């Protein structure tokens, strides 16, 4: 295996472990997870004496596993020559909760720092063979080490390391290998293999065939990002796509790292990237890909070391949505759909408030565009590209269309004083806000237009004509209910309409109406308050009530009173409503009236019958 491939394998092992939550922060006695014929075994010195156990991840080239060398009290490191066969994957721990996957009949080479104490390897299956360590004890017979036994015991003496081979069973299944350490007395060995303290334990999943070498989506990384992920960046290790928006002229990136079912990097192969709708793509490994020149790119490389794909617009300033497909040796490993916004192609004005006379400032109202910021303004502007995607207006400048205001004195100017910074369809920051100045004359201008100039191209966009209104403060008002009669449990809507002294719908200033009081028999307010309301663009304010009260309701006709006392020119409003419980509402008067009508009808019939008899 080449140095380059090994480097990639090491890199991807960390990537995959982070991506799946297997590895977060490496502990001090972390175990090497790279399994290959050129892997470096973990130095036992990084472990905790009497609390660590290691397995050789370096695979044998001869077809036979080798036990680590330990020579007397010189303590030759066993990791220097220990090799395993059939090991497929090893986790990053070295304590009592280790995991590994190996083929049936494989042989794993274990070693551990035990200190000058007795020790014993115990397995739930398979057999031990080949040992290294001072004072290996072939007796008692029940625990003698041979190829049919699952226990190996050591009387350490002055040695501080042990090494042992374990051969897995030929039957698929899950097996454990444990290491116990301890010192029963100064002169005796363990009388039972589990007499000591558990120092290390590994669960080995024995399988019939290897799942390595083939693409695994569970351990591979593929995610979108608005910034390229450099090699080694942990941002590439999470399979979570970016929720950001790429604006006009900028680049989408797709981070890529491919692994097999054992979290090992795939070997070099053909990486093919294709994009729909003419989007331009490029691919690079361990580097930032430049802007591409084609919609398909082919590379013989390995995406395991944080390969990355760049996606850009094929036509400058034009929006695009594209689906990017990435394959490895003909297998589709990643499909992502991304969009890049274009320049501003349309501006729409809405949420227009009525301005006060001889005023050029905005109205600060937190509920105006539902962003709770209290931005002052009188109208909102939404900018979109030619595909309808929302565009932040920091990419250009607004201006008034002076010709649309010419020849009149009602509205003297208009401008945008707060530009949009967001592009999300649910974020109030997607709106720009504007104001306009009114002269001393009330009225409306239906021809107002706004312009936007794109900085990059100089292209100018003009809005459709919209109506601006100028009016004085509320002077008079009327109040009405949405229905003449209600049944208990229904909603009743009260609408109050304010006019200025010239009869125009009043402006939207809240304080100009003053506070108000309301007498509403048999109704319970839902949204009504006594504070000064903020009017809509028609000079109106609505309030909601439920029909009925907590103490019950009496059917009948009632007069309500709506009073804005500070509007001295206004007349107290007294609209009436009829309410009922929804049951039988017939009164005694109604019954008497029906009886009288019935008697009258009978009398008429009698008279008609008498006339008929006399004629005969």
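The values are calculated or read from the model by the stated rules, or taken from the named source; none is laboratory data. This one's a predicted model, so the numbers in the text were calculated from it and none came from an experiment. Note that we place each Cβ from the backbone using ideal geometry, even for glycine, and neighbour counts take in every protein chain shown.
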For this session: State yes or no: is residue 352 under 30 Å from residue 504 (Cβ atoms) and part of a loop (DSSP other than H, G, I, E, B)?
Result: yes
Exercise. Which of the residues spanning segment 174-193 are modelled with pLDDT of 80 or more, farther than 30 Å from residue 258 by Cβ and surrounded by fewer than 16 Cβ atoms within 10 Å (Cβ to Cβ)?
Worked result: 176
Exercise. Is there a residue being touching a helix residue (DSSP H, G or I) at 6+ places or on another chain (Cβ under 9 Å) and under 27 Å from residue 546 (Cα atoms) anywhere in segment 477-492?
Worked result: yes
Exercise. Residue check: is residue 360 part of a loop (DSSP other than H, G, I, E, B) and within 25 Å of the chain's Cα centre (by Cα)?
Worked result: no
Exercise. Can you tell which of 253, 283, 262 is assigned by TED's automatic domain parsing to the domain that holds residue 330, more than 15 Å from residue 307 (Cα to Cα) and surrounded by 18 or more Cβ atoms within 10 Å (Cβ to Cβ)?
Worked result: 262
For this session: Consider residue 447 carefully, then state whether it is under 11 Å from residue 344 (Cβ atoms) and in a strand (DSSP E or B).
Result: no
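Which one of these is assigned by TED's automatic domain parsing to the domain that holds residue 319, modelled with pLDDT under 70 and loosely packed, with under 15 Cβ neighbours inside 10 Å: 233, 244?
Answer to the check: 233.
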For this session: Being part of a strand (DSSP E or B) and modelled with pLDDT under 85 narrows it down to one of 262, 300, 283, so name that one.
Result: 300
Exercise. Can you spot a residue in segment 496-508 that is touching a helix residue (DSSP H, G or I) at 6+ places or on another chain (Cβ under 8 Å), surrounded by fewer than 19 Cβ atoms within 10 Å (Cβ to Cβ) and either within 14 Å of residue 443 (Cα to Cα) or free of Cβ contacts under 8 Å to residues at least 40 places away in the same chain (or both)?
Worked result: no
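Among 418, 427, which is under 29 Å from residue 506 (Cβ atoms) and modelled with pLDDT under 95?
Answer to the selection: 418.
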